[in-house]
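Engineer: So that we are looking at the same thing, I have put the structure below in structure tokens.
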Amino acid sequence: MTKEFSILTVWGLLLVLLGLTMISSTVLSGAIGLVVALGIAVAKSAFVAWRYMHLDEQPALARLSALGAVAWLAILFSMTSFDYLTR
């Protein structure tokens, strides 16, 4: 698979996910809508990180560092939300 084809494929997938986001925001509501929207957002960010940030070409340590950064961000967000909920 050529690099240009891969980039265009990911771009097409991102457009499809954008359409799903727009459709789900009008059709779904409540907690299920939030779960679907967050799932689509995670998929979009994974595609962007994997292809456009060239994580597929990097060694395992760089991938692990990116995963660690995402995990640390999740920890910080969860701690902030727990603090907000207990006040």
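A short reminder: the numbers here are calculations on the coordinates, not readings from a lab. Note that this is a predicted model, so its numbers are computed, not measured. Heads up, the Cβs are rebuilt from the backbone with ideal geometry, glycines too, and the neighbour counts pull from every protein chain shown.
Engineer: Per 0.36 nm of contour for each residue apart, how much would the distance between Ala66 and Leu34 grow if the chain were fully extended, relative to their Cα-Cα spacing?
Structural biologist: So the extension gain works out to 9.0 nm.
Engineer: With a 10 Å Cβ neighbour count serving as the proxy for reagent exposure, in which order, fewest first, do Tyr52, Tyr84 appear?
Structural biologist: Values: Tyr52 12, Tyr84 8.
Least to most surrounded, the residues fall as Tyr84, Tyr52.
Engineer: With the contact rule set at Cα under 8 Å and sequence spacing of 6 or more, what percent relative contact order holds for the chain? Each step should come with its number before you reach the end.
Structural biologist: Numbers: 22 pairs, mean separation 22.7, N = 87.
Taking the mean separation of contacting Cα pairs over the length of the chain, I get 26 percent.
Engineer: Compute a Gaussian network model of the chain, connecting alpha carbons closer than 10 Å, and tell me which residue from Leu13, Leu34, Leu76 fluctuates the most.
Structural biologist: Comparing Leu13, Leu34, Leu76 in a Gaussian network model of the chain, the most mobile one is Leu76.
Engineer: A further question on this structure: If I stretch the segment between Leu17 and His54 completely, what's the gain in nm (0.36 nm per residue apart, minus their alpha carbon distance), one decimal? Before the final figure, lay out each step's value.
Structural biologist: Details: separation 37, 0.36 × 37 = 13.32 nm, distance 2.02 nm.
Full-extension gain reported as 11.3 nm.
Engineer: Further question on the same structure: Can you give the FRET efficiency for Leu73 and Thr2, using 1/(1 + (r/R0)^6), R0 = 35 Å, r = Cβ-Cβ distance, to the nearest 0.05?
Structural biologist: Details: r = 33 Å, r/R0 = 0.94.
Once rounded, the FRET efficiency stands at 0.60.
Engineer: Next question. Could you give me the ³J(HN,Hα) list for region 32-41, computed from phi with Karplus coefficients 6.51, -1.76, 1.60 and θ = phi - 60°, whole Hz, x at Gly and Pro?
Structural biologist: 5, x, 5, 5, 5, 5, 5, x, 5, 5
Engineer: Based on a Kirkwood Rh over C-alpha pairs, give the Stokes-Einstein translational diffusion coefficient of the chain at 25 °C and viscosity 0.890 mPa s in µm²/s. Intermediate results must be reported in sequence, preceding the final value.
Structural biologist: Details: Rh = 15.2 Å.
Value of D from the Cα-based Kirkwood radius: 162 µm²/s.
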